[in-house]
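K.L.:
Have a look at this one.
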Amino acid sequence: MENILQHIQSSRTQSLAVLIDPDKFNLKKSSQFIDKVNKSLATHIFIGGSRVEDKITEALILAIKPLTNLPIVLFPGDASQVSNQADALLFLSLVSGRNPEYLIGQQIKAVSKLRNSDLEVIPTGYILIEGGKETATQQVSNTKPLSAFQEIIDTAKAAELLGMKLIYLEAGSGAQFAVSEKIIKAVKDEINIPLIVGGGIRSKDALEKAYNSGANLVVIGTAFEEDESFFNEIKR
Ligand code: 1GP
């Protein structure tokens, strides 16, 4: 069977991940929320956040797993959020930053959980890009987002050359500005691996723009958290 990375790579249609932050999600609303996800264009459910209490992530996965056939992919802010109950893990390295803890430290801490797990582990170059306001990722990782055009492109290429299998361009959750079409296009032209784009995407138009610029997968969290009627805009 095709794994999750192969599917993102080979899929002719673009993918959409609904991001659930375990810290903000009300478990009692699981079935109502997941029902809307199932009826939307979403192809994946991503789970993760910058600050999440221990064990909440696993409880969330166990609650939603019986409610959907969509793959559940961990997008963890730190090693404590790694759970064998998911289908795959974005094994993120924050390559835009210069904080060793988020380049390699948390990854080492995750190994004891991964050694005997059957999670699909997807090495991902995670690039934080200036999105108009200070985001949780920035605060927690104590790193600065990139804004220089060539540096963003070179960072993505370096991550690919290091062997990363995905690049994630992140404007930050709730960003004021999503990653620009110009940046998405330029990175897409430079790399030969799939591209994920997220942060600050709040409309169907912005979603289309990201796809048309070359995103293979778009991640949306805040727009759904703030207003579930957004699901109606992106119905199957
Ligand atoms: C954040 O890229 C994701 O890590 C999604 O961002 O919450 O702004 O949609 P939003």
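Please treat every number below as a calculation from the coordinates, not as lab data. Owing to the predicted nature of the structure, the values given are computational and were not obtained by experimental measurement. FYI the Cβ positions are ideal-geometry reconstructions off the backbone, even for glycines, and counts take in every protein chain you see.
K.L.:
Looking at the square roots a ≥ b ≥ c of the eigenvalues of the Cα gyration tensor of the stretch 90-130, which shape do they give, rounded for a/c under 1.5, prolate if a/b is larger than b/c, or oblate?
P.N.:
Values: a/c = 4.48, a/b = 1.76, b/c = 2.54.
It is oblate, given that a/c is not under 1.5 and a/b is not larger than b/c.
K.L.:
Where is the GNM fluctuation largest for the chain (alpha-carbon springs, 10 angstrom cutoff): Gly200, Gly214, Gly105?
P.N.:
Among Gly200, Gly214, Gly105, the largest mean-square fluctuation in the Gaussian network model of the chain belongs to Gly105.
K.L.:
Report the rotationally averaged projected area of the chain based on its alpha-carbon convex hull, in square nanometres. Intermediate values should be presented prior to the final figure.
P.N.:
Values: hull surface 46.6 nm².
Orientation-averaged projected area of the Cα hull: 11.6 nm².
K.L.:
Which residue, chosen from Asn142, Asn216, Ser180, occupies the Cα position most advanced towards the positive end of the dipole of the chain, where the dipole is computed from +1 (Lys, Arg) and -1 (Asp, Glu) charges on Cβ about the Cα centre?
P.N.:
Asn216
K.L.:
Gap in Å between the Cα centre of the stretch 94-118 and the Cα centre of the stretch 138-152?
P.N.:
The stretch 138-152 and the stretch 94-118 have Cα centres spaced 19 Å from each other.
K.L.:
Just tell me which aspartates and glutamates come within less than 13 Å, Cα to Cα, of Lys29; anything on the same chain fewer than 8 places away is out.
P.N.:
Once the sequence-local aspartates and glutamates are set aside, what remains near Lys29 is Glu225, Glu228.
K.L.:
Report relative contact order for the chain in percent, whole number only (criteria: Cα-Cα under 8 Å, sequence separation at least 6).
P.N.:
Numbers: 471 pairs, mean separation 44.7, N = 236.
19 percent.
K.L.:
Which lysines have a Cα lying under 18 Å from the Cα of Lys113, excluding residues fewer than 8 positions away in the same chain?
P.N.:
Partners found: Lys55.
K.L.:
List the pairs from Lys24/Lys157; Lys185/Lys235; Lys165/Lys188; Lys185/Lys209; Lys39/Lys204; Lys204/Lys235 whose alpha-carbon separation is above 22 Å, in the order I gave them. Kindly include the intermediate steps, with their values, before the conclusion.
P.N.:
Details: Lys24/Lys157 34 Å; Lys185/Lys235 26 Å; Lys165/Lys188 13 Å; Lys185/Lys209 10 Å; Lys39/Lys204 16 Å; Lys204/Lys235 11 Å.
Lys24/Lys157; Lys185/Lys235, as the Cα separations exceed 22 Å there.
K.L.:
Of Ala156, Asn116, Leu103, whose Cα points farthest to the positive end of the dipole of the stretch 101-156 (charges on the beta-carbon: +1 Lys, Arg; -1 Asp, Glu; origin at the Cα centre)?
P.N.:
Going by the Cα projections, it comes out as Asn116.
K.L.:
Where the centroid of each part is defined by its Cα atoms, how far is the stretch 155-176 from the stretch 3-60 in Å?
P.N.:
19 Å
K.L.:
If you build a Gaussian network model of the chain, linking Cα atoms that sit under 10 Å apart, which residue out of Asp23, Asp118, Asp78 swings the most?
P.N.:
The residue with the greatest mean-square fluctuation here is Asp118.
K.L.:
Using just the helices of the chain, give the 222 nm mean residue ellipticity in deg cm²/dmol: DSSP H runs with n ≥ 4 each add -39,500 (n - 2.57), and the total is spread over all residues, rounded to 500.
P.N.:
Details: 10 runs with 83 residues, N = 236.
When only DSSP H runs of four or more count, the value is -9500 deg cm²/dmol.
K.L.:
Could I ask something else about it? Using the crude model of +1 on Lys and Arg Cβ and -1 on Asp and Glu Cβ, and no other charge, please compute the dipole size for the stretch 4-230 relative to its Cα centre, in debye to 20. Show your work: numbers first, answer last.
P.N.:
Details: 23 positive and 26 negative charges, 45 e Å.
With Lys and Arg at +1 and Asp and Glu at -1, about 220 debye.
K.L.:
The stretch 1-45: D in µm²/s via Stokes-Einstein (Kirkwood Rh, Cα pairs, 37 °C, 0.692 mPa s)? Could you put the intermediate results ahead of the total?
P.N.:
Details: Rh = 12.1 Å.
The Stokes-Einstein estimate is 272 µm²/s.
K.L.:
I want to check the label-to-label distance for Lys113 and Gln150. Put each point 7 Å from Cα in the C-beta direction and report it in nm to one decimal.
P.N.:
Simple spin-label model gives 4.0 nm for this pair.
K.L.:
Rounded to whole Hz and in sequence order, give me ³J(HN,Hα) for the stretch 83-89 from the Karplus expression 6.51 cos²θ - 1.76 cosθ + 1.60, θ = phi - 60°, writing x for Gly and Pro.
P.N.:
For the stretch 83-89, the Karplus curve yields 9, 5, 6, 7, 8, 8, 10 Hz.
K.L.:
Please report, in debye to the nearest 20, how large the charge dipole of the stretch 159-217 is about its Cα centre when each Lys and Arg carries +1 at its beta carbon and each Asp and Glu carries -1 there.
P.N.:
In debye, rounded to 20, the stretch 159-217 gives about 120.
K.L.:
Where is the GNM fluctuation largest for the chain (alpha-carbon springs, 10 angstrom cutoff): Val52, Val197, Val73?
P.N.:
Highest fluctuation of the listed residues: Val52.
K.L.:
Would you be so kind as to identify which of Ala42, Ser10, Gln32 lies farthest towards the positive end of the dipole of the stretch 1-42, taking Lys and Arg as +1 and Asp and Glu as -1 on Cβ and the Cα centre as origin?
P.N.:
Gln32
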